[in-house]
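Report on the following structure.
The values are calculated or read from the model by the stated rules, or taken from the named source; none is laboratory data. Computed from a predicted model, the values in this text were never measured in an experiment. Heads up, the Cβs are rebuilt from the backbone with ideal geometry, glycines too, and the neighbour counts pull from every protein chain shown.
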Amino acid sequence: MNNTLQKYLPDRAVEPCFELIKTYSVHLKIVNHRVTRHGDYRRMPDGLHLITVNASLNKYRFLITLVHEIAHLVAFERYGRRIKPHGEEWKRTFQHLMVPFIRPEVFPTQLLPIIASHFKNPKASSSTDARLSIALKAFDAEERKNSYVYELPQGSIFRLYNGRLFKKGNKKIKRYECVELSTGRMYLFQPNAEVELVHDKPMEPPF
């Protein structure tokens, strides 16, 4: 297991994560990239604690995701299955489990203040925290980098993972108004939504 973890985690995080996995009897499964989630936790009918994490994550996001999912396991076991998945019990547990990792031996110096700020009130996903998500993206492998909505020129066309095409519009408070080309319906996008740029200028009508 240690050899496997070394491929996906910062060096100084390998042993502490291995101890968490042993302590809480985690069956860790590293899976192919999933667009809709970084990881998940399930308690199987036989009592097995199954945690899956995307292999495509960079090592810092992988670490945060793994501890995020272990925090679900610990919170449910400690406080019962009726708690909210990302409620106060989970937040306190996640904060407690992450404290040993928030240090310069594990994370790059430029990430530490952003991570410390995030863990004052951790969100349901690191992607929900735009500042943290953007900072973590800097460590992605080049071939996995998409664009963020906020980076695109106004009026540009972009594609979601499911093939739907949108045109970027104006910023409305914190999110961007974007029109779906096939339906004309307006949607609001978080600035750090990852998309594929198709055209950096509005497409001309075909007539």
message = When you check VAL179 against the structure, is it surrounded by 13 or more Cβ atoms within 10 Å (Cβ to Cβ), assigned to a strand (DSSP E or B), β-branched (Val, Ile, Thr) and under 16 Å from the mean Cα position of the chain (by Cα), yes or no?
response = no
key: Single residue of SER182, SER156, SER147 found to be at pLDDT below 90 and either under 24 Å from ALA135 (Cα atoms) or not aromatic (Phe, Trp, Tyr) (or both)   = SER147
ask   = With respect to the numbered conditions (1) under 21 Å from LEU66 (Cβ atoms); (2) in a loop (DSSP other than H, G, I, E, B), which one is the sole condition not fulfilled by ALA135?
value = (2)
request  = Could you look through segment 100-120, keep only residues that are in a helix (DSSP H, G or I) and in contact (Cβ under 8 Å) with a residue 12 or more places away in the chain, and pick out the one that is farthest from PHE139 (Cα to Cα)?
outcome  = PRO100
key: Residue list for segment 45-64, restricted to those being closer than 19 Å to SER25 by Cβ and either within 12 Å of the chain's Cα centre (by Cα) or buried (at least 22 other Cβ atoms within 10 Å of the Cβ) (or both)   = ILE51, VAL53
